[in-house]
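Engineer: What follows is a single structure, and I will ask about it in a moment.
The values are calculated or read from the model by the stated rules, or taken from the named source; none is laboratory data. Bear in mind the structure is a predicted one, so any value in this text is a computation, not a measurement. Positions of Cβ are backbone-derived with ideal geometry, glycine not excepted, and every protein chain shown enters the neighbour counts. Each accessible area value is taken on the protein alone, full model and side chains, heavy atoms only, with ligands, DNA and RNA left out. Shrake-Rupley method; radii C 1.70, N 1.55, O 1.52, S 1.80 Å.
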Amino acid sequence: MTCLMNLIDEDSEINAEPLGPVSCIGVENVERPNKKVFSNGDLYVGDFKAVLPHGKGKYTWSNGMVYEGDWEAGKMIGKGLLLWPSGERYNGDISGGYLHGFGTLTSPDGSVYEGQWRMNIQHGFGRKKYANSDVYEGEWKEGEHEGNGRYFWNNGNKYTGNWKRGKMHGRGVMEWVNGDKYNGCWLNGLRHGSGIYQYADGGYYFGTWTRGLKDGKGVFYPAGSKRPSLKNFCISLGYDNGPKSVLSQCSSLNLEGSTVKKRSVRRSVSEKISVSGVLRSSGRISHKSAESSRHSDSTRESRHHYSSGTFSFDSDGGQSEVQESTAVVYEREYMQGVMIKERVRGYTELPKKAEKKTKHHAKETKKSSCFGIFKGKNSYHLMLNLQLGIRYTVGKITPVPKREVRTADFGHRARITMFFPRRGSQFTPPHKSVDFYWKDYCPMVFRNLREMFKLDAAEYMMSICGDDGLTEISSPGKSGSIFYLSHDDRFVIKTLKKSELKVLLKMLPKYYNHVKEHENTLITKFFGLHQITVHGKRKVRFVVMGNMFCTELRIHRRYDLKGSTYGRCTDKDKIHENTTLKDLDLSYEFQMDKSLQKFFFHQIALDCNFLKSQHIIDYSLLLGLHFRAPEQLNGLLEPPMMPNIESSPAGQDGEVLFPSKGLLLVAHEPSSVSTDPGPHIRGRPLRAFSLGDKEVDVLVPGTGRLQVQLGVNMPAQANQKLSRDEADSAEVELFEVYDVVIYMGIIDILQEYNAKKKAEHACKSVKFDPLSISVVEPELYAQRFINFLKQKVFPEQP
């Protein structure tokens, strides 16, 4: 369209100069009523006002291009018909020489677009029928499908849902001609996030996907089985807040929705999956574009090629097997489309399990009454206050010339305080929250820390204070703290107790020096410390931290490791997709490259010595694991369901039949890896013994090349040994060795070994083994922590 419209801009002189008598080759100067002939061969026939075309008229360019329609003061404005020499034609609104408004464009190949335009580009609501008979009906933005829309393939497949930049993105429903249906989240044209796959034979799979492949935990209901309630399904996967939690996984979905001003699209039947309305439509109509495409049989992996990228529209057809016993369901776990674990359960067990989780969640909610006043609407106000305050203080401190921190920059007196009335003031904008006081502690110190980690002030504010807002996440611990996650997953914001605030302010000078001296430190990265006071007395304190799991890879397991044993296990009925497990739950040992392991323990020793010097205990190693499926099975989207437990692929002697070879270490190339700033970008690349002590990157199939840093993108091999008792259980672990990508860091570093903790140690030591409890004096805690990691988690290689 751009090149076609250039003909108007380059060849037409009507809009630029008054039209006077001109000469044409072989013709004398001619000036007749309602007609002008130009020396370049162009011709205008129509109405004039003075010397300019005005009213109705027809302009013919010498190259054969024709416009016939409305004119105003020498410009094409109103309704008209444009014909190009190529055979392309447009009939509709035109403004200032641009296709602008509503119109129909017909191309020589037979494709037709009917809808809204803005400055020669499809923008708004429109319908396009492609040359291959595919049809898109929905919203467009800057010439691409963006918003809500429906796409119909010529083979009968259909998608209804959200789009972004020409790709399926957000929540949507895909229906295949063979009767299969997927209702859930999408990312860049691929199934990504939570969703429900309904098979043509009546079976259902509830689970999560990553880049088009099943990835993570899910539940399969064979054909003929009773479909679960929405509430029980959500809780069984670990979404304690029910349907809203599932919907929130589609981060790009605007739950408030937007209305379509022109026209409407009838809602697809596929949006009304009869599982208690799960993933119900947000009320917006889908209107986005797709380029001309081909689509293969839905029972195979197929890809849909657009000019803007590659779409994967594969159906899982044929993967749902009809079961004779409909009282059985299957809890499964996948890694990149390969099933690695399966647990057979009776259908009646799931509602009981969900009910138990609901009661447990209710108890935990009561326990966390510390911040109960900020639930619901108040929680939204708290989030809004936080964004307003951070935007104000970061904007205030950024213009200050950079300098080294001074003693006066530390402590509780080094702060910025501001009152934010709802109506606004000379220094603050009006807002929709309640009046509050804002306090920003040690702004110069945290400004330097952010710069130390290469965080741009504008990006920092946009990440936390942007229109996408913050997501409240459930607390994995017993503190009752409120956690917020930035929309881009880069930052975690946590509420603090008053005692924790004091500890952080006290240790901040030493912390600053430690982080400055050791760029690869594994200790939590702090980027801001704030306090909000509402209703005169209620104070809430926040700390902004880097998210250790900020990665495009799915984190399949999370562990919080302290090195103690008392109370360090998780009830199996409380374990779900997002559960943070504990020391006794860890059944893996990890083997890393010798140089990586040596450097890891060197830094752990430095960090523990620092924490010991500050009399800190109760810290832990937060360990995130991304598992890679065995390379030999990457082509299998889903292995057949095993009719009996004895058909496990592992031999009787535990021999591994499918060794893992999914990751590859390569020499570091700065130009080949992402250099986007983030909470971990400061650490330098690590060196690997296996590559001659060279700096390395890791190649992750299906993802790309990642820079290996301490605690970030670290490749390892996870070895698991199953006891013989597990062979007789209803749960089957199909593999024992995996390649993993590790993310880790030391968290919870704000607990001092004070008088209260000493009393707790004395009390518990009477009842339990003093070495098994978490509360011990700092030196013993640090030594036990390091020994546990060396002996149980990352044992030395022979």
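Engineer: Out of curiosity, is H192 within 15 Å of the chain's Cα centre (by Cα), without any contact (Cβ under 8 Å) to a residue 60 or more places away in the chain and within 22 Å of D488 (Cβ to Cβ)?
Structural biologist: yes
Engineer: Would a scan of region 479-494 turn up a residue that is at pLDDT 90 or above and among the β-branched types (V, I, T)?
Structural biologist: Checked against the condition, which is being at pLDDT 90 or above and among the β-branched types (V, I, T), region 479-494 yields at least one hit.
Engineer: If you don't mind, another one. Answer with yes or no whether T551 is buried (at least 21 other Cβ atoms within 10 Å of the Cβ), under 27 Å from the mean Cα position of the chain (by Cα) and in a loop (DSSP other than H, G, I, E, B).
Structural biologist: Spelling it out, it is not the case that T551 is buried (at least 21 other Cβ atoms within 10 Å of the Cβ), under 27 Å from the mean Cα position of the chain (by Cα) and in a loop (DSSP other than H, G, I, E, B).
Engineer: Something else now. When you go through (1) modelled with pLDDT under 90; (2) touching a Gly at 6+ places or on another chain (Cβ under 7 Å) one by one for P430, which number turns out not to apply?
Structural biologist: With respect to (1) modelled with pLDDT under 90; (2) touching a Gly at 6+ places or on another chain (Cβ under 7 Å), P430 is out only on (1).
Engineer: If you don't mind, another one. Across region 390-422, what is the number of residues that are in a loop (DSSP other than H, G, I, E, B), touching a residue at least 40 places away in the same chain (Cβ under 8 Å) and farther than 12 Å from M444 by Cα?
Structural biologist: 1
Engineer: Inspect all residues belonging to region 600-620 and state whether any of them is outside any loop (DSSP other than H, G, I, E, B), on the phi < 0 side of the Ramachandran plot and modelled with pLDDT under 80.
Structural biologist: no
Engineer: Let me ask something else. Looking at this structure, is L455 buried (at least 19 other Cβ atoms within 10 Å of the Cβ), of a type outside the set (K, R) and at pLDDT 90 or above?
Structural biologist: no
Engineer: Here's something else I'd like to know. Identify, please: which residue in region 562-586 is polar (S, T, N, Q) and open to solvent by 50 Å² or more (accessible area, probe 1.4 Å) and is, among those, farthest from S765 (Cα to Cα)?
Structural biologist: N578
Engineer: Name the one entry in W153, W176, W163, W117 that is free of Cβ contacts under 8 Å to residues at least 60 places away in the same chain and buried (at least 22 other Cβ atoms within 10 Å of the Cβ).
Structural biologist: Going through W153, W176, W163, W117 in turn, the sole match is W117.
Engineer: Looking only at region 768-782, count every residue that is free of Cβ contacts under 8 Å to residues at least 12 places away in the same chain and either in a helix (DSSP H, G or I) or not assigned by the TED database to the domain that holds D607 (or both) and tell me the total.
Structural biologist: The total comes to 1.
Engineer: So in region 745-768, with the set limited to residues that are surrounded by fewer than 13 Cβ atoms within 10 Å (Cβ to Cβ) and small (G, A, S), which one is nearest to Q720 (Cα to Cα)?
Structural biologist: My answer is A762.
Engineer: Hey, among the residues in region 218-236 that are surrounded by fewer than 23 Cβ atoms within 10 Å (Cβ to Cβ) and more than 21 Å from V173 (Cα to Cα), which one's modelled with the lowest pLDDT?
Structural biologist: Across region 218-236, the extreme among qualifying residues is N232.
Engineer: Restricting attention to region 66-96, and to residues there that are open to solvent by 30 Å² or more (accessible area, probe 1.4 Å) and of a type in the set (A, V, I, L, M, F, W, C), which single residue is modelled with the lowest pLDDT?
Structural biologist: Out of the qualifying residues, it is A73.
Engineer: Given the conditions (1) at pLDDT 90 or above; (2) farther than 29 Å from F526 by Cα; (3) open to solvent by 60 Å² or more (accessible area, probe 1.4 Å), which single one is not true for E726?
Structural biologist: (1)
Engineer: Would you mention how many residues in region 489-522 are within 21 Å of A414 (Cβ to Cβ) and either part of a helix (DSSP H, G or I) or not assigned by the TED database to the domain that holds M383 (or both)?
Structural biologist: 19
Engineer: Still on this structure, I have one more. Based on what the data block shows, is L771 hydrophobic (A, V, I, L, M, F, W, C) and surrounded by 14 or more Cβ atoms within 10 Å (Cβ to Cβ)?
Structural biologist: Judged against the criteria, L771 is not a match.
Engineer: Pairs needed: first member in region 683-710, outside the structural domain of H514 (by the TED database); second member anywhere, hydroxyl-bearing (S, T, Y); C-beta distance under 6 Å; at least 6 residues apart or different chains.
Structural biologist: The qualifying pairs are R687/S595; A688/S595; F689/S595; R705/S672.
Engineer: Being in contact with a Phe, Trp or Tyr (Cβ under 6 Å, 6 or more places away or on another chain), more than 25 Å from Q336 (Cβ to Cβ) and not acidic (D, E) narrows it down to one of M174, M119, M168, so name that one.
Structural biologist: M119
Engineer: Return the pairs, sorted by first residue and then second, in which the second residue is open to solvent by 80 Å² or more (accessible area, probe 1.4 Å), the first residue lies in region 755-767 and is assigned to a helix (DSSP H, G or I), the beta carbons are less than 9 Å apart, and the residues are 6+ apart or on different chains.
Structural biologist: K764/Y566
Engineer: Please note which strands (runs of 3 or more DSSP E) are completely contained in region 144-202 and include at least 3 residues that are of a type outside the set (A, V, I, L, M) and within 27 Å of W117 (Cα to Cα).
Structural biologist: 144-152, 158-164, 167-175
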